[in-house]
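Beneath this line is the structure, given in structure tokens, with notes to follow.
The values are calculated or read from the model by the stated rules, or taken from the named source; none is laboratory data. Quick caveat, the model's predicted, so the values are computed rather than measured. Here the Cβ is made from the backbone with ideal geometry for all residues, glycine too, and neighbour counts use every protein chain on show. To get the accessible areas, we keep the full protein, side chains included, count just its heavy atoms, and leave off ligands, DNA and RNA. Shrake-Rupley method; radii C 1.70, N 1.55, O 1.52, S 1.80 Å.
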Amino acid sequence: EKYPGRLVIGADQVLECDGRIFAKADNIDEAAAQIAALSGRTHRLFSAAVVCRDGEPLWRHVGIVRLTMHQLSEQFTAGYLARNWSSVREAVGCYKIEEEGVRLFSRIEGDFFHILGLPLIELLTWLRIRGDITT
């Protein structure tokens, strides 16, 4: 190991809608199909993180956010993807709520940082309790 004893943080997200797991879109046509599948529906975004030391997990957390999309037209979706594809191509669900993607939603229930991909408040609280950071 290059840095023995150091804390290593890993995080990832999973998007689920009606039992279907979504992956990042490979191309703009797949992105349009994903947005069409989520349009007018509520989906769940799971944001998971783990902290390890020397390969041993010390802390885990999964945050869940429920997001409801407006009913979106094909024309709106095509324009949205034309404007945002370079950014959202790496985002599950093909949106970033910190950018224009927030316009896709009629309701969001949950933590902003979970949507961004890291349960930051919970992680910082754990680090504070351990004494790794102070407030």
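Could you run through the stretch 39-81 and say how many residues are surrounded by 17 or more Cβ atoms within 10 Å (Cβ to Cβ), of a type in the set (S, T, N, Q) and in contact with an Asp or Glu (Cβ under 9 Å, 6 or more places away or on another chain)? The total comes to 1. When you check A36 against the structure, is it in contact (Cβ under 8 Å) with a residue 24 or more places away in the chain and open to solvent by 50 Å² or more (accessible area, probe 1.4 Å), yes or no? Spelling it out, A36 is indeed in contact (Cβ under 8 Å) with a residue 24 or more places away in the chain and open to solvent by 50 Å² or more (accessible area, probe 1.4 Å). Checking L123, L127, L104 one by one, the residue that is surrounded by 13 or more Cβ atoms within 10 Å (Cβ to Cβ) and within 17 Å of L38 (Cα to Cα) is L104 and no other. Kindly check whether there is at least one residue in the stretch 65-83 that is part of a helix (DSSP H, G or I), over 16 Å from the mean Cα position of the chain (by Cα) and polar (S, T, N, Q). So far as the stretch 65-83 goes, yes, one or more of its residues are part of a helix (DSSP H, G or I), over 16 Å from the mean Cα position of the chain (by Cα) and polar (S, T, N, Q). Does R107 fit the bill of being assigned to a strand (DSSP E or B), out of contact with any Gly (no Cβ under 7 Å at 6 or more places or on another chain) and modelled with pLDDT of 95 or more? Taking the combined requirement at face value, the residue satisfies it. Quick check, is R6 at pLDDT 95 or above and open to solvent by 40 Å² or more (accessible area, probe 1.4 Å)? So R6 fails the test.
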